[in-house]
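Remarks on the structure that follows.
Read the figures in this text as sums done on the coordinates, not as results from a lab. Everything numeric here is computed off the predicted structure, so don't read it as measured data. Here the Cβ positions follow ideal geometry from the backbone for every residue, glycine too, while neighbour counts run over all protein chains shown.
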Amino acid sequence: MGNLNGKVSLVTGASRGIGEATALRLAEIGSSLFLAADGTAEELEAVARECRRLSPVGAEAKWGIFDLAEVGQAEKMATAAIESFGRADVLVNNAGVRCRKPFGELTHEDYDLVMTVNLRAPIFASQAVLPAMRRQGGGRIINVASQMGMVAKQDLSLYSTSKAALIHLTRSMALELAKDGIAVNAVSPGPIETPYTIERLRDLPGFRETALAYVPLGRLGKPGEVAEAIVFLASCDGNFVHGHNLVIDGGHVIH
């Protein structure tokens with residue numbers, strides 16, 4: 001991997017899980033960070049403090065609380081990041097929400113929340129960083145999709161649809177933004193030990209066995225393993241990886 005000294009990365013959903021792991025890893029290779037989430041100030045400042053500690057070049061880490069379910073918040077977030085640092089080199093669209101309901105019981109409210117956070121926010125956050133990236137001569141956008149965008153699972157039709165759309169959005173963005181030197185890719189994690197998964201492991205007997213039933217490696221992934229893939233896409237010296245969806249699921253989708 002290259003380094004990101006002097007570069008600025010904006011990471012959404014950065015207060016925990018994959019977003020937190022990604023922010024820490026980006027800090028380790030020199031990037032300044034703007035951390036965005038709908039969490040608490042205490043959570044975000046804790047991650048920012050650790051990013052500052054890990055930076056080999058004394059890079060800064062700033063943060064803001066944004067509810068990406070609200071119209072205009074994605075643009076406001078991107079503007080805050082660019083105003084804080086004067087540039088935007090990497091955007092990681094990581095924030096996401098799930099809805100577990102049988103098809104037939106979905107509501108308009110469920111649809112609006114899932115599609116707004118999982119699809120609308122990446123669209124408008126990406127559009128909002130384009131002027132800065134174009135002025136700089138390029139950038140990297142990484143969308144965090146899911147293996148569920150490629151396979152079907154009980155009670156996840158709405159979530160899966162949003163992630164399938166995000167994967168296709170990645171391809172469309174890559175096609176249109178290549179001329180600007182902006183590399184656009186996606187990662188699709190499988191079952192990962194995020195706070196959400198850990199909670200379900202604690203509360204649902206048999207969940208671990210169900211989650212691992214189709215994972216040939218026989219274990220859950222770590223947030224840091226997804227972060228490594230994101231950081232590769234953000235920092236690799238060459239940008240010939242373009243419009244790709246990198247699956248990180250222990251082999252789940254090969255079935």
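A few points about this structure:
- Pairs of Cα atoms nearer than 8 Å and 6+ residues apart set the relative contact order; for the chain it is 20 percent.
- Over 20 Å [Cα-Cα, the range 1-134], rounded percent: 44 percent
- Residues ARG171, ARG98 arranged by fewest to most Cβ contacts within 10 Å: ARG171, ARG98
- Modelled spin labels at HIS255 and GLU60, positioned 7 Å past Cα toward Cβ, are 4.8 nm from each other.
- Distance between the pseudo-spin-label points of ALA46 and GLU225 (7 Å out from Cα toward the beta carbon): 2.5 nm.
- Panel order for CYS99, CYS236, by other beta carbons found within 10 Å of each beta carbon, from fewest to most: CYS236, CYS99.
- Distant alpha-carbon pairs in the range 85-169 (separation over 16 angstrom), percent: 54 percent
- Cβ crowding within 10 Å, taken as a proxy for footprinting-reagent exposure, orders SER157, SER32 from fewest neighbours to most as SER157, SER32.
- For the chain, the mean residue ellipticity at 222 nm estimated from helices alone is -14000 deg cm²/dmol, where every DSSP H run of n ≥ 4 contributes -39500 (n - 2.57) and the total is divided by all residues, rounded to the nearest 500.
- Cα-Cα over 32 Å, subset of LYS7/LYS179; LYS101/LYS222; LYS62/LYS101; LYS179/LYS222; LYS76/LYS153; LYS7/LYS101: LYS62/LYS101; LYS179/LYS222; LYS76/LYS153; LYS7/LYS101
- Per-residue HN-Hα couplings for the range 120-133 [Karplus 6.51, -1.76, 1.60; θ = phi - 60°; Hz; x = Gly/Pro]: 5, 4, x, 4, 7, 5, 5, 4, 6, 8, 4, x, 5, 5
- Percent RCO, i.e. relative contact order, over the range 82-216, from Cα pairs under 8 Å lying at least 6 residues apart: 26 percent
- Whole-percent pair-distance distribution, where bins are 10 Å wide, for the alpha carbons of the chain: 8, 32, 38, 18, 4, 0
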